[in-house]
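Colleague: I am attaching a structure below and will ask some questions about it afterwards.
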Amino acid sequence: MPFTSLGLSPALAQAASDQGYLAPTAVQSAAVPAVLQGHDVLATAQTGSGKTAAYCLPLLQQWLAGRQAAPRQAQTLILLPTRELAAQVGDALRQLSQGLPRRPKVAVVFGGVSINPQMMALRGGADIVAATPGRLLDLLAHNALRLSAVDTLVLDEADRLLDLGFADELSRVLALLPPYRQNLLFSATFPPAVHALAERLLNQPQRIDIAPGDTAAPDIRQRVIEVDAGRRTMLLRHLLQTHGWDRALVFVASRHNADRVAGKLQAAGVRAAALHGDCSQGQRGQVLADLKSGRLQVLVATDVAARGIDIARLPVVINYDLPRSPVDYTHRIGRTGRAGAGGEAVSFVSADCAAHFQLIEKRQRLRLPRERIPGFEPVVAAIPAPGAAADNGGVKGKRKSKKDKLREAAAQAQAEQG
Ligand code: AMP
């Protein structure tokens with residue numbers, strides 16, 4: 001199906017094809033006409049589904065047909081959970097508007113960098129502002145921007161916005177917007193908090209549900225490798241050598257681990273770097289550029305730092321430490337297999353986190369086969385569940401929790417396999 005059949009003008013269809021998009025993804029096919037018709041939209045779309053272009057293309061078309069921003073005013077406001085995502089949306093807008101008869105003024109604002117250049121950039125107003133909520137409020141407090149002319153609001157990765165504790169900031173921003181506007185809400189998952197937000201915000205929205213299998217990135221091979229915690233770095237090096245991955249994103253649970261694992265890889269001659277919340281904006285930009293260009297092979301990152309990053313042709317994501325939640329798992333693995341390219345997501349599971357991984361599988365309605373790599377077979381047995389009926393007959397008065405039962409099941413499954 002060509003992009004023009006979605007109602008996009010030849011100029012915007014050309015912009016999509018200039019990006020190498022051969023055909024619309026599922027979320028684009030559904031969202032573009034709905035946005036162009038002026039509907040509010042409530043879309044479930046995973047990262048990697050092409051959701052950014054699904055709203056950027058029609059927004060650019062609407063802007064081309066309409067007026068330009070007045071000083072210190074924004075017309076379209078896009079709220080995003082992280083600076084990386086904000087920067088990426090800014091890039092997408094700039095790229096998609098390259099060949100247009102005129103280009104919108106796009107302002108990207110996020111915290112962690114000096115506010116002054118952002119204030120300067122907003123002086124003449126901005127047609128489209130892509131912002132993280134905290135910095136947006138700072139700019140409003142400095143009178144650098146007014147929201148009274150916003151006619152379109154986009155909440156992208158709404159679940160992350162709420163997960164990251166932006167609920168208050170969001171409410172404060174929403175209170176400053178004019179009542180009549182078009183609202184688009186995109187979210188990978190729909191926990192009750194996102195439902196409540198959607199109810200409050202959207203006016204008879206068109207509901208778009210893109211099943212993960214319909215996304216542009218269905219082809220992620222998920223693998224689970226059992227390994228002792230102390231041998232994960234060795235296994236990582238082994239996999240890098242044997243799989244020929246030219247770049248890899250490795251997730252760890254803490255800043256300390258990011259530095260430690262990256263340091264060990266460097267010491268072993270691997271081109272690796274760490275990415276975490278202590279990195280300056282400049283460092284983040286640099287390591288991402290280095291990974292994209294191939295100067296780096298491995299980026300060892302924490303969840304917060306890696307959220308929203310888009311690395312083209314990333315063949316593999318490795319969960320060195322497991323994510324805390326199933327939602328984080330979805331986000332992590334969505335960094336590979338972007339827009340139709342295949343990818344692998346490998347999770348290292350050691351005895352102490354086997355039960356936790358089972359919980360993730362349960363929520364994802366998955367059951368993945370456990371692999372063992374010759375030479376790296378685990379020797380540490382699963383930790384017995386606290387209060388489990390051991391030889392002593394169990395602890396009197398303590399009922400097994402659901403987690404305890406899962407831990408036991410995991411230990412038993414492991415014993416059977418081994
Ligand atoms: P997103 O889900 O917006 O993060 O997009 C993920 C990736 O898909 C980005 O690298 C986009 O450039 C790419 N993409 C978006 N739309 C298409 C399309 N129609 N065909 C191929 N790739 C696309």
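Colleague: Cβ-Cβ distance below 9 Å, separation of 6 or more or different chains: which pairs start in the range 252-274 with a residue that is within 16 Å of Leu322 (Cβ to Cβ) and end on one that is among the hydroxyl-bearing types (Ser, Thr, Tyr) and in a helix (DSSP H, G or I)?
Modeller: Val261/Thr233
Colleague: Also, I was wondering about something else. Which ranges mark the helices (runs of 4 or more DSSP H) fully within the range 1-76 that have 1 or more residues being among the β-branched types (Val, Ile, Thr) and buried (at least 21 other Cβ atoms within 10 Å of the Cβ)? Before you say what the answer is, go through the steps one by one.
Modeller: On the way: elements: 10-18, 26-36, 51-65.
Correct list: 26-36, 51-65.
Colleague: Are any of the residues in the range 204-217 exposed (fewer than 14 other Cβ atoms within 10 Å of the Cβ), touching a His at 6+ places or on another chain (Cβ under 8 Å) and at pLDDT 90 or above?
Modeller: yes
Condition check ((1) within 30 Å of Val380 (Cα to Cα); (2) assigned by TED's automatic domain parsing to the domain that holds Asn143; (3) surrounded by fewer than 17 Cβ atoms within 10 Å (Cβ to Cβ)) across all residues:
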site: Pro192; (1), (2), (3): no, yes, yes
site: Asp228; (1), (2), (3): yes, no, no
site: Arg231; (1), (2), (3): yes, no, no
site: Ser254; (1), (2), (3): yes, no, yes
site: Asn257; (1), (2), (3): yes, no, no
site: Ala262; (1), (2), (3): yes, no, no
site: Val270; (1), (2), (3): yes, no, no
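Colleague: Just wondering, is there one or more residues in the range 65-82 that are aliphatic (A, V, I, L, M), closer than 28 Å to His142 by Cβ and within 13 Å of the ligand (Cβ to nearest atom)? Write out each step before concluding.
Modeller: Taking the range 65-82 first, the residues aliphatic (A, V, I, L, M) are 65, 69-70, 74, 77-80.
So of that shortlist, the ones also closer than 28 Å to His142 by Cβ come out as 69-70, 74, 77-80.
Narrowing further to those that are within 13 Å of the ligand (Cβ to nearest atom): 78, 80.
Yes, there is a match, as at least one residue in the range 65-82 is aliphatic (A, V, I, L, M), closer than 28 Å to His142 by Cβ and within 13 Å of the ligand (Cβ to nearest atom).
Colleague: From Ser114, Ser17, Ser49, grab the single residue that is without any contact (Cβ under 8 Å) to a residue 40 or more places away in the chain, within 13 Å of the ligand (Cβ to nearest atom) and not β-branched (Val, Ile, Thr).
Modeller: On the way: Ser114 fails: within 13 Å of the ligand (Cβ to nearest atom); Ser49 fails: without any contact (Cβ under 8 Å) to a residue 40 or more places away in the chain.
From the options Ser114, Ser17, Ser49, the qualifying one is Ser17.
The values are calculated or read from the model by the stated rules, or taken from the named source; none is laboratory data. Computed from a prediction, not measured in an experiment: that's the story for all the values here. FYI the Cβ positions are ideal-geometry reconstructions off the backbone, even for glycines, and counts take in every protein chain you see.
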